[in-house]
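Below is one structure; the comments refer to it alone.
Every number here is computed from the coordinates shown, using simple stated rules; none is lab data. Everything numeric in this text was worked out from a predicted model, so none of it was measured. Methodologically, a virtual Cβ is constructed for each residue, glycine included, from the backbone with ideal geometry; neighbour enumeration extends over all protein chains shown.
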Amino acid sequence: MTTEADVRPAILWFRRDLRLADNPALAHALATGRPILPVYILDEGPVAPPVGSASRWWLDKSLRALNGDLQARGSRLILRRGDSEAEIHRLIAETGADAVFMNRLFEPGAFARDADIAHGLEGDGVDCKGWNGTLLARPGTVLNGSGQPYRVFTPFLRTLLATAAARPHSAAPDRLTTPTEPESDELDAWGLHPSRPDWSGGFDWSPGEAGAEAALSTFVARGLKTYSAGRDIPAEPATSRLSPHLHFGEISPWRAIAAARADADAGHVPSFEADKFVAEIGWREFSAHLLHAFPQIADTAFRPEYDAMPWRDDPVGFTAWTRGQTGYPVVDAGMRELWATGYMHNRVRMIVASFLVKHLLIDWRRGESWFRDTLVDADVASNSQNWQWVAGSGADAAPYFRIFNPITQGRKFDADGRYVRRWVPELRGVPDRWLHAPWTAPPETLRDAHVRLGADYPRPIVDHDLARKRALEALAIVIAGRAVEGD
């Protein structure tokens, strides 16, 4: 007679799927009837991607939330740190587990590592299975008529939405059976929360599955109705703010899409607003599929001729950019928002990225690295794809000659100055007419606003017209090189 004690446990290996609902690996593990060992490994192996400081802050809070959700169901989260493969084998030796269930990661290094781990475990007689729990469709399944990965977004989205099928919703289980062994690391010992100093005081987020659901509900109730226009106004709370929740897998992208479409179907919002939101989820998907198909784009140009761009070494300019001291108010507001909150409005991300790459002619990879460290939603695929979009070197990218004017961008998308005045308070008294180019204001206007350029607020570190001319000259070098190669 087989008793419960004779049944070997199954390891449920959490990675970027930190949720209990709509979790295919968890659902399949539960279906086996085995005791379940929920595990998270802080991967320090050779292919582990660097995790930025802001992302480590989020991870700390998300793991605490997940552990709380598990404890409420009679379970717990087992924490381990080190090389993932070694830690999985150690857990198997400690517990006798003979099955590992996981949701796959699709970044090239992690994807290959998972395949190697699965192959090794199967050779040892351990059942190892993985599912897609993070994307709308598994990379490699959305292909063009020639069987190749899409390089242009619009046909990719069309095919994705026509072919990808949502999994049926699965609720979080009421209870999980987890053995009392093995021991777990203490999360505090990992030091994910910043200290000396703790710079996260302005982070107004609620990581975790409940926080993700709350963010989705708030967005559908308040932002979705005017999403297509409101998402470009940084002072308005019109964006979903779901990106970090999606990155850490606290909510499924299908769940977000279903909520938006349900609201449109009920007549609460125009259908085109829901469609626009779905398209933005699709852009995230496009980035993930591109990185899986073309792994080199994480650190090299998708269009290789752009690696010949004559980038400038400008440490002073780069430092001014990171600190929000460029002298262009909308750029500085965005960089200060990023530093204070771990987030930046999507329209402003394009403005500040364009400024770095085109006004300062600094390599997009330096900006990508800064964002990776300071964004709570830092994602290898989205981050590199979006930076290359701005730099003109990516798939379906904006042309390099499209150079955002930070003055006109500020006047167009922050016409009343609410965004700039929030994050650049030293300019609070400058009238709207002059706010986005304070150096053009009459001296008496600046005096009345208590602003001394060069003292209270910097003068522009580069002239827009001269920077634009320099950027186009750099582009001409790339184009000339491409023509020579074509000959």
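Structure above, values below:
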quantity: Centroid-to-centroid separation of the stretch 340-403 and the stretch 207-228 [C-alpha atoms, Å]; calculated: 25
quantity: Dipole-positive endmost among A437, W283, H268 within the chain (Cβ charges, Cα centre); calculated: A437
quantity: Folded to 0 to 90 degrees: helix 209-218 orientation relative to the chain principal axis, Cα; calculated: 50
quantity: Extended-chain gain in nm, criterion 0.36 nm per residue less alpha-carbon gap, V316 and T163; calculated: 50.2 nm
quantity: Rounded Å value of the spacing that divides the Cα centres of the stretch 130-158 and the stretch 61-122; calculated: 27
quantity: Degrees separating the helix 380-391 axis from the principal Cα axis of the chain, which is the longest one; calculated: 20
quantity: Per-pair calculated FRET efficiency, R0 = 35 Å: V152 and D307 via Cβ, rounded to 0.05; calculated: 0.95
quantity: Quarter of Cα convex hull surface for the chain, i.e. mean projection, nm²; calculated: 26.3
quantity: E186-V47 FRET efficiency (beta carbon distance; Förster radius 30 Å; 0.05 resolution); calculated: 0.70
quantity: The chain, dipole about Cα centre (Lys/Arg Cβ +1, Asp/Glu Cβ -1), debye to the nearest 20; calculated: 1580
quantity: Listed residue (N132, T322, H119) projecting farthest to the positive dipole end of the chain, Cβ model; calculated: T322
quantity: Magnitude of the charge dipole, the stretch 253-340, Cβ model with Lys/Arg +1 and Asp/Glu -1, debye to 20; calculated: 140
quantity: Principal-axis tilt of helix 84-95 within the chain, Cα atoms, nearest 10 degrees; calculated: 30
quantity: For the chain, calculated [θ]222 nm from helices alone, where every DSSP H run of n ≥ 4 adds -39500 (n - 2.57); calculated: -14000 deg cm²/dmol
quantity: Charge context of S369, other residues only, Cβ under 14 angstrom, K/R +1, D/E -1; calculated: -2
quantity: Computed label-point distance, nm, for sites D299 and R73 using a 7 Å Cα→Cβ extension; calculated: 3.8
quantity: Candidate aspartates and glutamates - alpha carbon under 16 Å from K129, same-chain residues fewer than 8 apart omitted; calculated: D17, E85, D98, D114, D116
quantity: Of the GluC sites (Glu not before Pro) in the stretch 1-105, those whose Cβ has at most 13 other Cβ within 10 Å and which sit in DSSP loop; calculated: E44
quantity: Positive-pole candidate from S384, V348, G367, dipole of the stretch 336-487, charges at beta carbon; calculated: V348
quantity: Kirkwood-based Rg to Rh ratio, the stretch 304-481, C-alpha trace; calculated: 0.97
quantity: Unit charges on C-beta of K, R, D, E only; dipole of the stretch 304-481, Debye; calculated: 420
quantity: Links that overshoot a 27 Å alpha carbon limit, given the list K412/K469; K225/K358; K61/K412; K61/K225; calculated: K225/K358; K61/K412; K61/K225
quantity: E444 paired with R175, simple spin-label distance in nm, labels 7 Å along Cα-to-beta-carbon; calculated: 8.0
